[in-house]
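The structure under discussion appears below in the form of structure tokens.
Derivation of every value follows stated rules applied to the coordinates shown; laboratory data play no part. What you see is a predicted model, and the numbers here were worked out from it, not measured in a lab. Glycine gets a Cβ as well: all are built from the backbone with ideal geometry, and neighbour counts include every protein chain shown.
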Amino acid sequence: MIILGIETSCDDTAAAVVGSEGTVYSSCRASDLGIHSSFGGVVPEIASRQHLSNLLPVVSLALRESGLEPKDMQAIAGTYGPGLAGSLLVGLSAAKALAWAWELPFVGVNHLEGHLAATFLEESSVSLPLVALLVSGAHTLLVEVRRPGEYRLLGQTRDDAAGEAYDKVARMLGFGYPGGPHIDEAAKLGDPKAFLLPRAMRDFPFEFSFSGLKNAVRLTLQSQPHADVADLSASFQAAVVDTLTSKLDAAIREVGAKSVAIGGGVAANSALRGAVKQLGVTHEIASYVPSLAYCTDNAAMIAFAGSWHVNEHGDGSSSLDLGVAPRLPLA
Ligand code: KG4
Ligand code: ZN
């Protein structure tokens, strides 16, 4: 079964054509980082307007690159939450309109389930149960995956998401948006022990908090305005990665997991990727680290997650009345 997926939950306008057995025929994305970068973050109103102008060209490109036509599609999947309401509305409306016009089943997809699906897209037989850490600009959560569609939330952040902390600290250090890749690069040249920064929520094995860490960097910069940027980047990154890794470690034990995976934009982080691979070795379980293109927002993961819910006869499809759900939980 072949599915067209559409994703517009934040600032990336993305479309992809994916087979339910995992073939990615095309995966296209337009992002206007230049525009948002000059504001130091995503401006919701601008993101919605950019989606409006980018959406149809990106969908056309995804179809063209796939070498397929609308008549070859068996369903259309679109993200309906969580995310920015105005951004979601553009992609969801387009997905529903195309499904109606092409007389195809439509399925609404949870963006977080999409990030989880990225692992399954690249791995044909994932060992279950899986412990997954979803870390993006808006979310940090730890989840047990018993099988696709069956999730148990183990814990999440009480304040900032890991990616949000990266972006805010990057701004303090004078880097552009998104900040994660800049800190990741700078950290490679710094000493992770140069500054002692807090590892929060030690007494709550599956809960996260990053606002204190962010504030500790702010206070460090206030007292030492000429602190070495590489050292501070490395020390911040060590605090984030230590925290994420120790909670993943506890979750693997709690669940008796057969595998561990990461997903979301922060899963592109080189130190986190290395630490998760090491966790797999330590626990003698499989570790899945998605390709960079499937860590950050993309529509292939949305199309693939859609294929878990709908079949070519339309069983499991969503109503065309489905609205956006900006705060949609995973489980
Ligand atoms: O999943 P994503 O593309 O969008 C959301 O759903 O939020 O994640 C974007 C986040 C940003 O906060 C960005 O700074 C972070 O992912 N990010 C990284 C890296 N690449 C992207 N964080 C740390 N290291 C990276 N290499
Ligand atoms: Zn995302």
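Quick one: work out the % antiparallel among DSSP beta bridges in the stretch 1-125, nearest 5. In the stretch 1-125, DSSP labels about 60 percent of beta bridges as antiparallel.
Here the stretch 194-307 yields Rg over Rh of 1.03, to two decimals, using C-alpha coordinates and the Kirkwood radius. Across the stretch 38-148, the fraction of Cα-Cα pairs farther apart than 20 Å, rounded to a whole number, is 54%.
Between GLN222 and THR282, the simple spin-label model (points 7 angstrom out along Cα→Cβ) gives 3.4 nm.
For the chain, modelled as a GNM whose springs connect Cα atoms under 10 angstrom apart, the maximal fluctuation among PRO82, PRO129, PRO290 occurs at PRO129. Per-residue ellipticity at 222 nm, computed for the chain from helices alone with -39500 (n - 2.57) per DSSP H run of at least four residues, works out to -14000 deg cm²/dmol. Tell me, what is a quarter of the convex hull surface for the C-alpha atoms of the stretch 129-181, in nm² with one decimal? If you wrap the Cα atoms of the stretch 129-181 in a convex hull and average its projections, you get 4.2 nm². Would you kindly calculate the translational diffusion coefficient of the chain, applying Stokes-Einstein with the Kirkwood radius from alpha carbon pairs, for 37 °C and a viscosity of 0.692 mPa s, and quote it in µm² s⁻¹ without decimals? After rounding, the answer is 164 µm²/s. With loop membership from DSSP and a limit of 13 other Cβ atoms within 10 Å, the longest segment of the chain without GluC sites (Glu not before Pro) is 104-283. Antiparallel beta bridges, as assigned by DSSP with both residues in the chain, represent about 60 percent of the total such bridges.
Whole angstrom only: what separates the Cα centroid of the stretch 7-71 from the Cα centroid of the stretch 223-244? Going from one Cα centre to the other spans 33 Å. Value of Rg to Rh for the stretch 234-275, rounded to two decimals, is 0.99; Kirkwood radius and Rg both from alpha-carbon coordinates. One chain, two ends: ARG152 and PHE204. Fully extended at 0.36 nm per residue, the span grows by 17.0 nm beyond their Cα-Cα distance.
Could you run the Debye sum over the Cα atoms of the stretch 103-227, one equal point scatterer each and no solvent, and tell me log10 of I(q)/I(0) at q = 0.12, 0.15, 0.20 Å⁻¹, two decimals? Relative scattering, expressed as log10 I(q)/I(0), comes to -0.59, -0.84, -1.18.
Note on the stretch 254-331: Kirkwood radius taken over Cα pairs, Stokes-Einstein applied at 4 °C and 1.567 mPa s, translational D equal to 85 µm² s⁻¹. Taking Cα pairs under 8 Å and at least six residues apart, what relative contact order does the stretch 262-331 come out at, in percent? Relative contact order comes out at 28 percent. Counting only chymotrypsin sites (Phe, Trp or Tyr not before Pro) that sit in a DSSP loop (anything but H, G, I, E, B) with at most 15 other Cβ atoms within 10 Å, what is the longest stretch of the chain containing none of them? In short, 103-331.
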